[in-house]
Amino acid sequence: MEAHNTEAPAAAPTARPVVLLTGASSGIGRATAEELADLGYALVLAARRADDLRALARRLDASGGRVIAVPADVTDDASRRALVAAALAHFGRIDVLVNNAGVTVERGWWWDDPDPLRVLRVNLEAPIELTRLVLPAMRARGSGHIVNIGSVAGRAATNGLYSASKFGLRGFSLALRRELLGSGVTVSLVAPGFVRSEMTARARLPMPGPGVVARAVAAVLLRPRPETTVPGFYRPLVWLEQLFPALGDWVVQRLIWRRYDHVPRGPA
């Protein structure tokens, strides 16, 4: 039986912190898996693309003991529960949940998309529901860490549904951290700007690779903080946009949409 099969017998308990990482098959998720594997974490990798996910797990850990792949659809309740159950069956616990899976309206405007609310289901509802599944055990142990991958678009709005989901995720993360004060469970929000990934493949913008986000995730696990924005040069830009909204309007119209080829899509 292959190591990535979720029906494999449970592994021996591990002293390594166990991380459940969603959206792990590409982009920021894959880079984060690579970063955390190098640091010695035990990993439960989740994504819909089973072949890519299993190939990544085998590359990171050929033995199948420290890194397992669990194909999952985070928008489906049964799939979410099966993912958590597989992690517990193999490792016995989940120390860290990294809610990384994310989508956007790929082309055109959200009101022309046949199912724009999928953005909210993946980017906001799924992190909330996965958090709800792992939180009771973390609170009972008095330890755990929830890391949500937000976006600069959750501070400076640029895309209706995507920004709505990331504004919501930011509010959820900051409020949840306060709700859990004194419980031993930590909550962090990592908010990237534009980085190279499948989601930004059409963007004609200078962008760093996803490793910058992966390193930020590793950093908040080692030294928890409520919120961090990466790359760092986005921090003053967010501050300026909040002080001078008209400047943000200019940036979105002149720089982002034109270079992102974000144009109205005609009827199907």
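The values are calculated or read from the model by the stated rules, or taken from the named source; none is laboratory data. Not measured: the values here are computed from a predicted model. Here the Cβ is made from the backbone with ideal geometry for all residues, glycine too, and neighbour counts use every protein chain on show. In case anyone asks, the SASA skips ligands and DNA or RNA and just uses the protein heavy atoms, side chains included. Shrake-Rupley method; radii C 1.70, N 1.55, O 1.52, S 1.80 Å.
Taking the criterion of being part of a helix (DSSP H, G or I) and either charged (D, E, K, R) or at pLDDT below 95 (or both), the residues of region 78-102 that qualify are Arg80, Arg81.
How many residues does region 153-181 hold that are more than 20 Å from Ser143 (Cβ to Cβ) and modelled with pLDDT of 95 or more? Residues that pass the stated criteria total 11. For region 27-85, a residue qualifies if it is among the aliphatic types (A, V, I, L, M), in contact (Cβ under 8 Å) with a residue 24 or more places away in the chain, out of contact with any helix residue (DSSP H, G or I) (no Cβ under 9 Å at 6 or more places or on another chain) and open to solvent by less than 30 Å² (accessible area, probe 1.4 Å), and exactly one does: Leu53. Looking across Leu88, Leu124, Leu174, Leu130, one residue alone is touching a Ser or Thr at 6+ places or on another chain (Cβ under 8 Å) and open to solvent by 20 Å² or more (accessible area, probe 1.4 Å). It is Leu124.
All of Val238, Val190, Val217 fail the test of being in a helix (DSSP H, G or I), closer than 30 Å to Ser143 by Cβ and modelled with pLDDT of 70 or more, apart from Val217. Kindly provide the set of residues from region 147-175 that are under 21 Å from Ala214 (Cα atoms) and β-branched (Val, Ile, Thr), ordered by number. Hits for region 147-175 are Val147, Ile149, Val152. Restricting attention to region 103-121, which residues are in contact with a Ser or Thr (Cβ under 8 Å, 6 or more places away or on another chain) and either in a loop (DSSP other than H, G, I, E, B) or open to solvent by less than 20 Å² (accessible area, probe 1.4 Å) (or both)? Answer for region 103-121, where residues must be in contact with a Ser or Thr (Cβ under 8 Å, 6 or more places away or on another chain) and either in a loop (DSSP other than H, G, I, E, B) or open to solvent by less than 20 Å² (accessible area, probe 1.4 Å) (or both): just Val119.
On the given criteria, is Val195 among the β-branched types (Val, Ile, Thr) and either touching a Leu at 6+ places or on another chain (Cβ under 9 Å) or at pLDDT 95 or above (or both)?
Spelling it out, it is not the case that Val195 is among the β-branched types (Val, Ile, Thr) and either touching a Leu at 6+ places or on another chain (Cβ under 9 Å) or at pLDDT 95 or above (or both).
In the set (1) touching a residue at least 40 places away in the same chain (Cβ under 8 Å); (2) surrounded by 15 or more Cβ atoms within 10 Å (Cβ to Cβ); (3) not small (Gly, Ala, Ser), the condition left unmet by Phe167 is number (1).
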